[in-house]
Amino acid sequence: MLVKGVVFRLDSDLPTEAKLMLEDFRLAVNNAIRAGLQARVTSRNALTKLAYKDFRQEHSRMYSQHLVSAFGAAGGILKNHRKRIRKGVTCRIPYVKRLLMKAENQAYKFDRRSGIIDLPIRAGHHIELRLVVSRYHRKYLDDMTLSLGSLTVLPDRVIVTFRKDAPKPFVPESALSLDTNERSLDGVFVEGDVAKAVKAGFPDIATIQQRHHDRRKRLQKKKAHDRRTSRNLCRREGTREHRRVDYRLHQVANSVLKFAEERRSAIVLEDLRGFKSKRSKELNRRLSMWPRRKLHQIIEYKAQWKGIPVVKVDPRNSSRTCPICRSIQDSRMGAEFKCECGWHMDRHINASINLLQTAISKGMAGGLRFNPGAFQHDVMMILYEPAMAARSEPNGTSSTVGVT
Ligand SMILES: [Zn+2]
């Protein structure tokens, strides 16, 4: 089962009753956390057994299903807390500060045509939440193969989860093989007898990471006498960085998937799991794996949702192997891969050709074939570049364009 959370803005302010309900929910979660810590239990059922009666009296205004959902939320927080303690991380007793409420799908009604949510507050009393519905939202609301999952209510927005069974991936008619690098996805698109180089560049992501890293370093130095302030400021920097990078990763992934969907391509990626480099600490940070792993996760998840086949292959030696004569070259190499047999190619594209050949030789790319000799050296298809996202970001600052 695939799940996707979709954010809706509210048409007007949350009614006062609903605000009170969010506060009640938070209170119930925090009470349940305390009770669970004392009794050393974390499961929703155990928490319900332990605390339902007492809470029922204290929170008599609350719809009982919401109360059970609060126990579920508390259980999740307690489990994370226990995990951290087992890892030996020192942490405070968990406490929810944010105002939010979660309702399971049987605890609310959603009229998908009008975009109105009917949410019970207490016995016999309901409130209506009117959602702002855009064309993006219509895609989910009108697709009746999607069923409704849980609802999360926040003071200014709600998140509705939609669910569906994973569609069967289509049989590929072409292949898009991508080598993942610090500033771009580079690869090859193969359709019939034709092979072309493709590129999705995201040089701005590394730039953002560098800028935030420098800023954190400066903050740490400046606030060296005040560790608490330093930590808080750094955390805020980290959140901002994540949001900026995330936004771009989604843009890149969307371009790749649009291309693959239109041309019925299987996507070939290197398997980054267990990939550890033995480079210096500084270089390791610069080549930090998380944006690349995250990019793969986003591509894989969205591909699953759309039924696009994704093949992951072992990248060992993919940047050092000659796809023509299969000999393995020295690892120290410039931007161009050169082989004694005469084959030469951009290093990253060469790697993607090897990834594709691995996928084909293992029978993972359907009946596709690939002949490196059919490579059209003069053609480069651009799947994505930062200029394509040259519109204002959600946080209001415009994206950096043309940074190299
Ligand atoms: Zn060769």
key: Condition check for Gly76: buried (at least 18 other Cβ atoms within 10 Å of the Cβ) and among the small types (Gly, Ala, Ser)   = no
note = Residues of segment 21-59 being more than 19 Å from His81 (Cβ to Cβ), free of Cβ contacts under 8 Å to residues at least 40 places away in the same chain and open to solvent by 70 Å² or more (accessible area, probe 1.4 Å), in sequence order, are Lys49, Lys53, Asp54, Gln57, Glu58
inquiry  = Within segment 290-366, considering only strands (runs of 3 or more DSSP E) that don't extend past its boundaries, which have at least 2 residues that are open to solvent by 50 Å² or more (accessible area, probe 1.4 Å)?
reply    = 336-338, 344-346
request  = Looking for whichever is within 29 Å of Tyr247 (Cα to Cα) and within 16 Å of the ligand (Cβ to nearest atom) here; the options are Ile299, Ile353, Ile324. Which one fits?
outcome  = Ile353
request  = Report whether or not Asp204 is more than 20 Å from Lys258 (Cα to Cα) and over 20 Å from the mean Cα position of the chain (by Cα).
outcome  = no
ask   = Say we look at segment 367-378 and pick out the residues that are of a type outside the set (D, E, K, R) and closer than 26 Å to Gln329 by Cα; which of these is most open to solvent (accessible area, probe 1.4 Å)?
value = His377
request  = Starting from residues that are of a type in the set (D, E, K, R) and assigned to a strand (DSSP E or B), keep the ones in segment 185-212 and report whichever is surrounded by the fewest Cβ atoms within 10 Å (Cβ to Cβ).
outcome  = Glu191
ask   = Which residue, of Lys222, Lys164, is more than 25 Å from the chain's Cα centre (by Cα) and of a type outside the set (Val, Ile, Thr)?
value = Lys222
ask   = So which residues in segment 367-387 are part of a strand (DSSP E or B) and modelled with pLDDT of 85 or more, if there are any at all?
value = Met380, Met381, Ile382, Leu383, Tyr384
key: Pairs where the first residue, in segment 311-326, is within 12 Å of Asn350 (Cβ to Cβ) and the second is of a type outside the set (Gly, Ala, Ser) and more than 16 Å from the ligand (Cβ to nearest atom), C-beta under 8 Å, 6+ apart   = Ser318/Asp179; Ser318/Glu270; Ser318/Leu355; Ser318/Thr358; Ser319/Asp179; Ser319/His348
query = What tally of residues in segment 337-350 results from selecting those that are within 16 Å of the ligand (Cβ to nearest atom) and touching a residue at least 60 places away in the same chain (Cβ under 8 Å)?
reply = 2
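The values are calculated or read from the model by the stated rules, or taken from the named source; none is laboratory data. Computed from a predicted model, the values in this text were never measured in an experiment. A quick note on method: Cβ atoms are made from the backbone with ideal geometry, for glycine too, and the neighbour counts reach across all protein chains shown. For the accessible areas, the whole protein counts, side chains as well, though only heavy atoms, and no ligand, DNA or RNA atoms are used. Shrake-Rupley method; radii C 1.70, N 1.55, O 1.52, S 1.80 Å.
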